[in-house]
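Written out below as C-alpha cells is the structure these notes cover.
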Amino acid sequence: MIENGVRNRQAERREATRAEILEAAWVLARSKGLAGFSLGDVARRIGMKAPSLYWYFDAKHAIYDAMFIHGNEELLARLRSARWGTTPRSVLRTGARAFVEFAVEDLARYQLLFQRSIPDFEPSPTAYTSAITVFEETRARHIAIGITRPAQFDMWTAMVAGLAAQQTSNDPAGDRWLRLIDPMVDMFLSTVSEPGGPRRPKVAGSGRHASD
C-alpha cells in the first residue's frame, strides 16, 4: 500500500492480518456453522489473543460484514468472467448456471449471502452495496436481451434461487437440480415469449426475435 509515494508497511500488515482473520472465519463457518464459532475460535486458529482481534474487527458482526462483502465479490468475479454469448438463451443459461453452481459449492457462503441463517445479523449498508452491485449487473444483462419488466426479473430470481435451494437442501453432493438448469431456462424463455404476454426477448443490438 503506497501513500504519497511512500509504502505504508503498517497498513499492509493490518490488511494482511484482516485477510488472515477472514480466511479463518470462513474455515470455522464451514466446519462449525456460521453461528457456531466465536471470536475466541478465530483468534486461536491464527495464534492471536482474542482481545487483539478488536484491533481489526470491533465485533463478530463486523467479521460477518467482511465475509458478506467477500462472498459477493467472489460472485461478482464469477459472473464477470463467464462466457456469456450473445443470444437470450445463452445469456440466461450462463447466468443461471454461474449463480446456482456458485451457491451450491459452498454451503456456508450460500447461507450467509442468501439466507437469514444468523438471526441477529443484517449486513450493514456499506456491506450491502456489494449485493446491490451483483443485482444491478445481473439486471442490466437481462435488459440488454430484452427482458425489461420487473415481473420477469422477479420470476427469474425466484427460479434460480429455487434451484439453488433445492440442490443445497436435497442433493448437496449430486446434480439433480443442476441438471434442470437448461430446461428451466427454456421454460422461462417460453413464458416471457408467449403471444400476448410479456415482451419477447430480442438479440441485443438487433430487431430480431431470438429463435435459437
Original post:
For the range 43-63, list residues with backbone N below 15 Å from a point placed 7 Å from the Cα of T17 toward its Cβ?
Top reply: 43-59
Subject >> Sorted by Cβ neighbour density within 10 Å, fewest at the top, the residues K32, K60 >> reply: K32, K60
Subject >> Alpha-carbon spread of the chain, three principal axes, descending order, Å >> reply: 65, 48, 26
Original post:
Regarding the range 101-164, what are the three Cα extents along the principal axes, ordered largest first, in Å?
Top reply: 38, 27, 18
**OP:** Starting at the first residue of the range 66-72, write each ³J(HN,Hα) from the Karplus equation 6.51 cos²θ - 1.76 cosθ + 1.60 with θ = phi - 60°, in whole Hz, x for Gly and Pro.
**Re:** 5, 5, 4, 4, 4, x, 5
Subject >> In degrees, nearest ten, helix 9-32 long axis to first principal axis of the chain (Cα) >> reply: 70
Original post:
In the range 1-58, if every C-alpha pair distance is counted and binned at 5 Å from zero, what percent goes to each bin?
Top reply: 4, 19, 25, 20, 13, 8, 6, 3, 1
Subject >> Spherically averaged projected area in nm², based on the convex hull that wraps the Cα atoms of the range 1-97 >> reply: 9.2
**OP:** Mind jotting down the three principal axis lengths of the range 135-187 based on Cα atoms? Whole angstrom, largest first.
**Re:** 34, 20, 17
Subject >> Counted charge near P123, where neighbours are those whose Cβ lies closer than 14 Å (Asp, Glu -1; Lys, Arg +1) >> reply: -1
Original post:
How far, in degrees from 0 to 90, does helix 125-144 lean away from the longest principal axis of the Cα atoms of the chain, to the nearest 10?
Top reply: 20
Subject >> Alpha-carbon radius of gyration plus Dmax, which is the widest Cα pair, for the range 40-106 in Å >> reply: 17.9, 55
Original post:
Can you give the relative contact order of the range 59-212 as a percent, counting alpha carbon pairs under 8 Å and 6+ residues apart?
Top reply: 31
Subject >> Inter-site label distance for E101 and S169 at 7 Å from Cα along Cβ, in nm >> reply: 2.4
**OP:** Please sort by residue number the GluC sites (Glu not before Pro) in the range 5-111 whose DSSP state is loop and whose Cβ has at most 15 other Cβ atoms within 10 Å.
**Re:** E105
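Coordinate-derived values only; no laboratory data. No experiment lies behind these values; they were computed from the predicted model shown. For neighbour counting, all protein chains shown are included, and Cβ atoms are generated from backbone atoms with ideal geometry for every residue, glycine included.
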